[in-house]
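Below: the structure, in structure tokens.
Computed from the coordinates by the stated procedures, all read-outs in this text should not be read as laboratory data. Worth saying up front: this structure is predicted, and the values here are computed from it rather than measured. Glycine also receives a Cβ, built like all others from the backbone with ideal geometry; neighbour counts cover every protein chain displayed.
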Amino acid sequence: MNFPNEMKNGCLSIGLVASFILAPAGLLESRGQENLAPAGFEAIFNGRDLSGWHGMGHFDPRKLWEMSPTERAEKKAKDMEDVRRHWSVENGELVNDGDGVYLTTDRDYGDIEFWIDYKTVAKADSGIYLRGNPQIQIWDFTESGGKWNIGADKGSGGLWNNSAGAPGKDPLVLADNPFGEWNRFRVLQIGDRTTVYLNNHLVVDQAPMENFWNRSTPLWNKGPIQLQTHGGEIRWKNIFIREIPHAEANLILSSTDDSGFESVFNGRDFRGWAGPIDNYMIREGAIVCKPGQGGTIFTEREYTDFVVRFEFKLPPGGNNGLAIRYPGSGDTAYAGMCELQVLDDSAAKYAQLDARQYHGSAYGMAAAHRGFLRPVGSWNYQQVTVKGSTIKVELNGTTILDTDLAKVSDFMAGSPHPGKDRRSGHFGFAGHGDPVQFKNIRIRRL
């Protein structure tokens, strides 16, 4: 498996992202030495033994997190007894007899590119758990397999545990090879967005993987890979993984369906912006609130329904906000439709805030899910969709807020939000004295 020179050491040039990440086709056809990782990847199966893996069945990760270290060790030991009965290595192939617990990586992974080859038999039913969550489906796609009534006729590779009708549940095309032949998956997982190629065919295109264990919350940001087993022998090999750097993840997310977006910040000056711009500066192509300064700067244009994409970087304890449908004066959290928080949730000084004050929340009205910010000092990618009275916030590829402000009646501290029903206004940044940075700001009108 050979890559272009720009892929050395796991780093992609900007120019290759669209061609390699989003349209890889021919790059997967070359097969080098079995179980030998290509440049930039790590082989997580060595072709000889089960080093780096343990056993765990279909088990709620939250229960595992609640266990003591002793309890976890006892469970792991018991599961390994099962592994020894049902798993083996033959001629560089990882073999399961169709029964037992699932082989599970010792390490947890977040944003990844993942390759794996598999070969299975008639009537088998298997899959791959990502972040400990089911699953990319593998099964008998023939009518004689007996599961056409639940979607097997559409083939493998779909996110079968997604809700009925949800994107990704059914694969886009049937791409399975005949029984007796090897198949290859290539998976990109960024945030909760899952992209799956099966035998060089795109079968899932950036579909959100639902959290099977609690559908009211997003897929957690890290977890193990599990190889599911039941119903028939399955063999695996060439299991390679590459952790995707933040900058590359941001580029992939921002390149998705990017037609119609217009830049509203040129990276050089405040042309097209209004408000107290003297309280802000431009540093290395980013808008930065001057330390100790603040106020809301905003686009000269007004927007009704729109999508905005941008990147931001928080300093320790950083606090800022997005002005949504801002009237041009007043406190945007109340006078505008809302202020969407931009906040370092990890700062000790914010430990006791109201849930509606943390990052991504519609300030004082609707709480966002936490735990999806990158480490302080890293660039985060965010997309916000404003349509009618609804707001959707996607942070680093994960939806952390999806709410209808028209239905909000409980306000923090009982403070009214007279602007929440505004139907148009400016977009901007509500600085609170901290040098939070914003760049690559683009808006698409809906």
> If we count other beta carbons within 10 Å of each Cβ, what is the order of H426, H369, fewest first?
Replying inline: H369, H426
> Per residue and in Å³, how big is the convex hull formed by the alpha-carbon atoms of the range 5-250?
Replying inline: 126 Å³
> Taking Cα pairs under 8 Å and at least six residues apart, what relative contact order does the chain come out at, in percent?
Replying inline: 16 percent
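First measure r as the distance between the Cβ atoms of W213 and E71, then evaluate 1/(1 + (r/R0)^6) with R0 = 22 Å and state the FRET efficiency to the nearest 0.05.
E between W213 and E71, to the nearest 0.05, is 0.70.
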>> So the label point goes 7 Å from the Cα of A166 along Cα→C-beta, right? Which residues of the range 193-227 then have their backbone N under 13 Å from it?
In response: 193-194, 207-220
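Which value, in debye to the nearest 20, describes the size of the charge dipole of the range 262-445 about its Cα centre when Lys and Arg Cβ atoms bear +1, Asp and Glu Cβ atoms bear -1, and nothing else is charged?
Dipole size: approximately 360 debye.
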>> Let's see if you can work this out: charge +1 on each Lys and Arg Cβ, -1 on each Asp and Glu Cβ, no other charges. What is the dipole magnitude of the range 325-421 about its Cα centre, in debye to the nearest 20?
In response: 120 debye
>> At q = 0.26 Å⁻¹, what log₁₀ I(q)/I(0) does the range 210-269 have when each alpha carbon counts as one equal point scatterer in the Debye sum?
In response: -1.17
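Can you give the convex hull volume per residue for the Cα atoms of the range 100-206, as a whole number of Å³?
104 Å³
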> What is the Cα radius of gyration of the range 262-445 over 2.2 N^0.38 Å, N being its residue count?
Replying inline: 0.93
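Which value, in nm² and rounded to one decimal, describes the direction-averaged projected area of the C-alpha convex hull of the chain? Mind dumping the intermediate values first?
Details: hull surface 90.6 nm².
Result: 22.6 nm².
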> Considering only L159, S415, P375, whose Cα is most displaced toward the positive end of the charge dipole of the chain, charges sitting on Cβ of Lys, Arg (+1) and Asp, Glu (-1)?
Replying inline: S415
> Which FRET efficiency, nearest 0.05, do A274 and V173 yield, Cβ-Cβ r, R0 41 Å?
Replying inline: 0.25
>> Using a 7 Å offset from the Cα along the Cα-to-Cβ direction at both T142 and D99, what is the distance between the two label points in nm, to one decimal?
In response: 2.4 nm
>> For the range 355-446, which chymotrypsin sites (Phe, Trp or Tyr not before Pro) pass both filters: DSSP loop (anything but H, G, I, E, B) and at most 16 other C-beta atoms within 10 Å?
In response: F411
>> I need T229, T142 ordered by Cβ neighbour count within 10 Å, fewest first.
In response: T142, T229
> Among T104, T70, T217, which comes first, then next, by fewest other beta-carbon atoms within 10 Å?
Replying inline: T70, T217, T104
>> If packing is taken as the average count of other Cβ atoms within 10 Å, what order do 162-173, 115-126 fall into, highest mean first?
In response: 115-126, 162-173
> With labels modelled as points extended 7 Å from the Cα through the Cβ direction, what inter-label distance (nm, one decimal) is found for D258 paired with N149?
Replying inline: 4.7 nm
> Per-residue ellipticity at 222 nm for the chain, helices alone: DSSP H runs ≥ 4 residues times -39500 (n - 2.57), over residue total, nearest 500 deg cm²/dmol?
Replying inline: -2500 deg cm²/dmol
>> At 7 Å along Cα-to-Cβ for each site, give me the label-to-label distance between R107 and E302 in nm.
In response: 5.3 nm
